[in-house]
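Every number here is computed from the coordinates shown, using simple stated rules; none is lab data. Not measured: the values here are computed from a predicted model. We place every Cβ from the backbone using ideal geometry, glycine too, and count neighbours over all the protein chains shown.
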Amino acid sequence: MKIRNSSGLAFDFLENGSIQQIVADSIRISLKPATEFSKSGANLFLRKKTQPIQYKPLLGPESNSVFQYSADAFTAHGNWDGLEYTCTLQLSAKSLSWQWQIEVKNSTDAKVELDVIYMQDIGLKPATSGLVNEYYVSQY
C-alpha cells in the first residue's frame with residue numbers, strides 16, 4: 001500500500017504494516033526497502049519506563065495493530081497491556097514532510113510512565129540506483 005502527497009513524498013507499506021520504504025521525489029530516504037522476511041528500518045515503539053523497561057512496536061508484524069490507509073494517511077490501532085493506542089501518519093500537503101501523532105489511553109487503574117521512540121534508517125540516495133553499503137552509511 002502506498003500513501004503520497006502532491007509534493008512527491010511517498011511511504012510504501014507492506015501488508016504486515018511495516019514501512020517498506022520512504023521516497024521523496026527521486027531520493028530514497030530509507031536505507032533499503034524492507035521485505036516480508038526482514039524487519040523494517042523504520043518503526044515507532046511505545047516504551048514503558050518500568051524496571052526492566054518494556055516496549056512494543058506499533059507497526060509491523062510484531063505489533064498487534066490493525067492498519068488503515070487513505071490517500072495521504074496511515075493509521076495503526078492496537079492494545080498493549082491495557083494501553084489502547086492510535087498511531088497516525090499524516091503527510092504534509094505543502095512540503096516533503098510528515099508527522100506522526102500518537103494517542104494512548106490507559107484502560108487500567110495503574111499509573112504508567114510512557115514515551116515513544118521513533119527509529120528511522122537513512123539512505124538519502126537516488127531511488128533508482130542500487131543498494132548502498134549499509135556499513136559505510138552507518139559510520140556517518
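Placing a pseudo-label 7 Å from each Cα along the Cα-to-Cβ vector at Thr86 and Phe45 gives an inter-label distance of 2.6 nm.
Hey, could you get me the Stokes-Einstein D for the chain, Kirkwood radius over alpha-carbon pairs, 25 °C and 0.890 mPa s, rounded to whole µm² s⁻¹? Using the Kirkwood radius from Cα pairs, D works out to 153 µm²/s. As a calculated quantity, the FRET efficiency between Thr108 and Tyr69 at R0 = 22 Å, using C-beta atoms, amounts to about 0.15.
Rounded to the nearest 20 Debye, what is the dipole magnitude of the chain about its Cα centre when Lys and Arg each give +1 and Asp and Glu each give -1 at the C-beta?
Working: 13 positive and 14 negative charges, 52 e Å.
Result for the chain is approximately 240 debye, rounded to the nearest 20.
Think of the chain as having a plus end and a minus end, set by charges on the Cβ of Lys, Arg, Asp and Glu; of Met1, Ser70, Ile122, Ile122 sits farthest toward the positive end of this dipole.
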